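Structure first, then comments.
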Amino acid sequence: MNTPRRRVRLLRRTGGEVLRGLLLALSSAAALYPVVWLVAMSLKSKPQYLAGKLFFSWPPFFGNLAAALQGGRFLLWFVNSTIMTVGAVLLCTLVAFFAAFAFAKMAFRGRELIMNLNISLMVIPVAVLIVPLFVLYTRTRLMSTYPGLIIIYAAVCLPFSVYLLTNFFRTVPDEIVEAGVIDGASILQILSRVVVPLSGPPITTLIVVNALWVWNELLLALVFLPKDDLRTLMVGITVFKSRYNLDVPVTMAGLLMTTLPMVLLYVVFQRVFIRGLTAGALKG
């Protein structure tokens, strides 16, 4: 029977669910509004933009995309950013994979101390590293080179990557590794045939997180790639914005093309990304 007390509990539960749904809807709207506004401004002609700046206009105007490609060097900047992102992510993931396996499954002197030092590196601001790295790179002739900046990007991403993969590898049963050793497999064979197939979600998480950071990074690219031909998209878009500061729709079209690759990357790997966070970061 539905007693008054039970009705009150049902009403409270329903009210709580409705309130959570409203909060989630408002949070989602607040997060999506800048993206929707960016798309809307990119599809406006200049007269349409001056007539209304809040909503989509009809018919949509696609000339801003062509103007952005012609007015800047987007293709070159896109290639530069792709080289930086792919190189840094591959180097960081490879080094973090071997280091994390050693921290999680191998016993050696100073393991906990080194791991604690690695965790402490996660809180060091990137801006603190610019002056010593600049002096070092001017002496080693790594300034204005792709390998130089790729090494910096990989090093900055490495502490978090090692931490995440170490926590994941600690959840892998030791019996699996010991079985491979008993069968006569080498460490590289165990890693390639046993550990790698189990590490898909956390490795995908690292790739997405590190790629997002490298792609959107501005300060290091601005300092260590001063040549115009080596500019990344983030550095080039600042120059592009100053050139087209009065033509907002063209600027928004350039920003949209800059944002789209990373949005697609996250959408494609969204499920694996969430699984990787759960498997690596929340277990230990």
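Some notes on this structure:
- Nonlocal Lys pairs with alpha-carbon distance under 29 Å, the chain (8 or more apart, or different chains): 6
- Residue ranges 106-117, 155-166, 125-136, 189-200 sort as 155-166, 189-200, 125-136, 106-117 when ordered by packing (mean number of other C-beta atoms within 10 Å per residue, highest first).
- Computed E for E112/T138 - FRET, C-beta separation, R0 41 angstrom, nearest 0.05: 0.65
- Which of A155, L24, V267, positive extreme of dipole for the chain (C-beta unit charges): L24
- Distance (nanometres) between label positions extended 7 Å along Cα→Cβ at E175 and V126: 4.4 nm
- From its DSSP helices (H runs of at least four residues, each -39,500 (n - 2.57)), the chain gives a residue-normalised ellipticity at 222 nm of -24500 deg cm²/dmol.
- For region 72-281, a crude dipole built from +1 on the beta carbon of Lys and Arg and -1 on the beta carbon of Asp and Glu, taken about the Cα centre, is about 360 debye to the nearest 20.
- Relative contact order computed over the chain (Cα-Cα under 8 Å; 6+ residues apart), in percent: 30 percent
All of the numbers you see were taken from the coordinates with simple rules; none came from a lab. Fair warning: this is a prediction, and the values are worked out from it, not measured in the lab. Reconstructed Cβ throughout: ideal geometry from the backbone, glycine too, with neighbour counts over all protein chains shown.
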